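The structure under discussion appears below in the form of structure tokens.
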There are 2 protein chains.
Amino acid sequence: MPPVTDDRYELRPVARIQSPLTDLAAAPKQAHEGAPEAWIVFDADMLDALDGLRPGDDVVVLTWLHRSDRAVLRVHPRGDVANPIQGVFSTRSPARPNPIGLHEVRILAIDGGRVRVSALEAIDGTPVLDVKPVLRPA
Amino acid sequence: MPPVTDDRYELRPVARIQSPLTDLAAAPKQAHEGAPEAWIVFDADMLDALDGLRPGDDVVVLTWLHRSDRAVLRVHPRGDVANPIQGVFSTRSPARPNPIGLHEVRILAIDGGRVRVSALEAIDGTPVLDVKPVLRPA
């Protein structure tokens with residue numbers, strides 16, 4: 001069987017982040033480290049997929065961290081050389097083979113194709129791939 | 001500005017699921033609905049990225065649900081027509097524009113490039129995109 005890494009799949013973003021965060025180096029690494037509220041601005045052809053989302057819902061936003069280095073397999077966690085180097089799969093580094101960001105946020109407001117969400121650490125312009133409801137243990 | 005949905009990004013899977021689940025129709029919709037343990041089998045060139053993962057770690061496995069219909073924007077949740085139709089972003093339906101699966105599992109064992117994990121509802125052969133540690137509130 002050929003290696004799975006020879007396969008390719010194509011992502012088609014559905015929205016973009018609109019945020020006061022514009023400087024990647026200055027952006028918080030995690031939402032609770034001072035990230036601001038943001039808008040998720042959906043393309044017009046995605047409006048049907050938003051049906052059923054409500055303010056107060058807790059959702060996971062999946063982003064494409066388009067500025068990441070995909071060739072990196074080992075990092076110093078949090079970019080701090082004092083932290084021993086380790087594989088990216090045991091870290092939340094944006095540098096990884098498929099730089100998909102997971103952001104758990106609360107929906108604050110919905111205005112047509114724009115969804116306002118709580119603290120989000122992705123920078124302005126970041127492509128959004130998906131939104132899913134958070135599943136809580138039954 | 002052109003619609004973000006005109007952009008394209010390329011996924012390169014890093015591993016594949018090895019599971020006794022082979023029938024998509026019979027597979028559980030969520031892990032707690034009777035899903036079996038599974039192996040995540042990484043390609044040889046991804047071993048460096050595994051460094052630091054340990055049995056007992058709780059991780060999120062990201063999969064590419066390759067059998068999904070990406071044109072679907074509204075569904076009856078859980079495929080049950082008794083549930084009112086709604087947008088896919090307020091459901092965990094595998095049918096969605098970018099069919100990325102999120103699976104929170106515990107690592108049970110690591111054997112070279114194979115990682116054994118607890119209950120996982122993805123079928124055998126599903127491509128794996130990423131593994132991330134679960135973040136717990138501080």
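The values are calculated or read from the model by the stated rules, or taken from the named source; none is laboratory data. As the structure is a prediction and not an experimental result, all values here were calculated from the model. We place every Cβ from the backbone using ideal geometry, glycine too, and count neighbours over all the protein chains shown. Side chains included, ligands, DNA and RNA excluded: accessible areas come from the protein's heavy atoms. Shrake-Rupley method; radii C 1.70, N 1.55, O 1.52, S 1.80 Å.
Below is a table of values for the structure above.
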quantity: Label distances, nm, residue A:34 versus same residue in remaining copies, Cβ-directed 7 Å point; calculated: 5.2
quantity: Inter-copy spacing of residue A:18 label points, which lie 7 Å from Cα along Cα→Cβ, given in nm from shortest upward; calculated: 4.9
quantity: Per-residue ³J(HN,Hα) for region B:71-80, Karplus 6.51 cos²θ - 1.76 cosθ + 1.60, θ = phi - 60°, Hz, x for Gly and Pro; calculated: 8, 7, 10, 9, 9, 7, x, 6, x, 9
quantity: Calculated P(r) tail over 19 Å for chain B, as whole % of Cα pairs; calculated: 55
quantity: Heavy-atom accessible area per residue - the protein assembly as shown, 1.4 Å, Å²; calculated: 47
quantity: Exam field: residue A:104 pseudo-label spacings to other copies (7 Å along Cα-Cβ), nanometres; calculated: 0.5
quantity: Euclidean distance between Cα centres, region A:72-100 to region B:86-138, Å; calculated: 19
quantity: Chains A and B together, accessible area buried on both sides, 1.4 angstrom probe, square angstrom; calculated: 5400
quantity: Environment charge at residue B:111 (Cβ cut-off 14 Å; Lys +1, Arg +1, Asp -1, Glu -1); calculated: +2
